[in-house]
Amino acid sequence: MTAPATNAPAASIKPRQMDFDMTLLKEKYFFRGNAILSTLMYALSASFPDGERFFIDSVRYYRDQIDDPVLKEDIRGFIGQEAHHSRIHQDFNDQAAGLGMAMEPIRKHFLRRLNFGRKRFNHGQQLAVTAALEHVTATLAQWTLENPQVTEGDSTSPLREMLLWHAMEEIEHKAVAFDVYRACVNDEQQRIRIAKIVFRTFWIQMAIAQVMLLWHDRRLPRWREIREAWDFMWGENGFRSWSAPEFRKYLRRGFHPNDIDQSRLLERWQSDFPEVAALQVA
Ligand SMILES: [Fe+2]
Ligand SMILES: [Fe+2]
């Protein structure tokens, strides 16, 4: 059964092949020399490979029920992009593990949460988890692309370029899982209920992974690092302060990801970040 798709534009979603140099990551605490912010970046990156496989599986389960040719094509692009993100982030995670960061234990931590979700939730609920997490990534993406100070502290690793490229593709495919949910499940109450759980637990899981990384490295954050990390998240234009209203939008009945217009960020990413565009090989 397929309900009419949304008014999403028929933009083509295609994975870009990029040439990132992972060997540039040479310092454990590469991000502003700050252990809290660096472990936040590692935690995010460690969550991607298995997390994005979960996203792909939850959308793929419904693919055969979709008749709309535009949405079918979007699903193909979504799967291609997420599979590619998984591989690139795994390369980065391997490089970080080579420096001595406990990437494997935190990967397993996230995998246990995902496997719990696979066991406990039915397919419609798993797709609702994916749609909610796609809103998290699209929101993070907008903040990253609009605030150069987010990544400017990182000039010694490939993560800056990876985050900007990943952010742009997340915005490109932000509505796909949502549209599949709307077409095949279409339970607004469940979508909102699950999103509330996802939004509450996401940062808790990231914080647990950060503590695991710091504990493994026997590294106690310094007062300066705590202050800087607080500002990064809760200061003026910090992610948590900036994003709170963006998360509330998703919890409104009838919300659609394209209600938030981020198209200008896609139109101008190559001119805003020519050094990232230059890394595209296909
Ligand atoms: Fe992704
Ligand atoms: Fe995504």
**Report entry** Relative contact order of the chain, defined on C-alpha pairs under 8 angstrom at six or more residues apart (%)
**Finding:** 30 percent
Report task. Just round it to a whole percent: the fraction of Cα-Cα distances in segment 173-220 exceeding 13 Å. Result -> 69 percent
Requested in this report: Could you please report the charge total around Gln142, scoring K, R as +1 and D, E as -1 over all other residues with beta-carbon less than 11 angstrom from its beta-carbon?
Outcome: -2
Query raised in the report: Expressed as a whole percentage, what fraction of the accessible surface of the chain belongs to carbon and sulfur atoms when a 1.4 Å probe is rolled over the protein heavy atoms?
Result: 53 percent
Query - Candidates Val198, Val129, Val59: whichever shows maximal mean-square fluctuation once the chain is modelled as a Gaussian network with Cα springs under 10 Å - result: Val198
Report summary line: the chain accessible area per residue, 1.4 Å probe, protein heavy atoms, integer Å², reads 47 Å²
Query raised in the report: Rule-of-thumb check for segment 31-258: C-alpha Rg over 2.2 N^0.38 Å?
Result: 1.00
Report task. Rounded to the nearest 10 degrees, what's the angle between the helix 223-234 long axis and the longest principal axis of the chain, both from Cα atoms, 0 to 90? Result -> 20 degrees
Query raised in the report: How many percent of the alpha carbon pairs in segment 231-282 exceed a separation of 12 Å?
Result: 74 percent
Query - Degrees separating the helix 103-120 axis from the principal Cα axis of the chain, which is the longest one - result: 20 degrees
Query raised in the report: So what's the Cα pair-distance distribution over segment 28-102, bin width 10 Å, in %?
Result: 19, 37, 23, 15, 6, 0
Query - Estimated dipole of segment 31-258 in Debye, rounded to 20 [Cβ of Lys and Arg +1, of Asp and Glu -1, Cα centre] - result: 1100 debye
Query raised in the report: When the C-alpha atoms of segment 178-276 are aligned to their principal axes, what extent does each axis show, in angstrom, from largest down?
Result: 49, 38, 24
Query raised in the report: Which angle from 0 to 90°, rounded to the nearest 10, does the C-alpha axis of helix 159-172 make with the longest principal axis of the chain?
Result: 10 degrees
Query raised in the report: What net charge is computed for the residues neighbouring Phe54, neighbours being all others with C-beta under 14 Å from the C-beta of Phe54, Lys and Arg scored +1, Asp and Glu -1?
Result: +3
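The values are calculated or read from the model by the stated rules, or taken from the named source; none is laboratory data. As the structure is a computational prediction, the values presented were derived from the model and not from experiment. Note that we place each Cβ from the backbone using ideal geometry, even for glycine, and neighbour counts take in every protein chain shown. Accessible surface areas use protein heavy atoms only, side chains included; no ligands, DNA or RNA. Shrake-Rupley method; radii C 1.70, N 1.55, O 1.52, S 1.80 Å.
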